[in-house]
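Inspection log for the structure reproduced underneath, given as structure tokens.
Derivation of every value follows stated rules applied to the coordinates shown; laboratory data play no part. Keep in mind it's a predicted model, so treat the numbers as computed, not measured. Positions of Cβ are backbone-derived with ideal geometry, glycine not excepted, and every protein chain shown enters the neighbour counts.
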Amino acid sequence: MIRQDYILDLIEQAVRFLTQALNLEQAGEVEQAHRALEQAGQQLVGMRLSLAAQMDPDTLLLLMRAPDGSLDEGRAMVLGALLTRRAMLMTGEVERRRHFLAAVSLLTALDQESTRRLPVETLHDLEAGARSIGVDWMPFRLRARVEALRGQAVALADEE
């Protein structure tokens, strides 16, 4: 129950930051929206988004793991959502792609390892972000599903 409360609290705080950033963006204050998202990353996940976007996917995933090796679902989901929203704000192609791909790798791992499903809003942002940089998001999701099914098949075969 404590873990569930932690995740819900973290997501609630992230929603407040994301709403603030969206309102700033709509008001034409894009730079302040960037700062709000950076602040959210620092406060909620303990990591600057600009730094997270520069990491290779394996390192980023390692930093999102709990001491027992499990993926910290709350932190991973929040960081993925923040990176996705920040990618949507980027005007430079390289930075936009870097932020988006970091979010995709993180959220794909979360989708594979978690029993929870990603929020619909996050999936919509990912798909919109993918289209904006010319990346096909669907293969990422399909690949994750195929790998998960393959893992389940191997586990079943090992049981027999």
- Förster radius 35 Å - calculated FRET efficiency between residue 112 and residue 48, Cβ distance, rounded to 0.05: 0.85
- Note on the structure: Once amide hydrogens are built 1.01 Å from N within the peptide plane, the residues lying 5 or more places from residue 65 or on another chain with amide H under 5 Å from its amide H are 72
- Query: What ranking, highest mean first, results for peptides 60-70, 44-54, 89-99, 103-113 when packing means the other Cβ atoms within 10 Å averaged over each residue?
  - Reply: 103-113, 44-54, 89-99, 60-70
- Note on the structure: Once residue 8 and residue 65 are pulled to full extension, the length gained, defined as 0.36 nm per residue separation minus their Cα-Cα distance, is 18.7 nm
- Within the under-11-Å Cβ sphere about residue 40, not counting residue 40, Lys/Arg +1 and Asp/Glu -1 give a net charge of +4
- Item | Gain upon complete extension [residue 27, residue 95; 0.36 nm per residue less C-alpha separation] | 22.2 nm
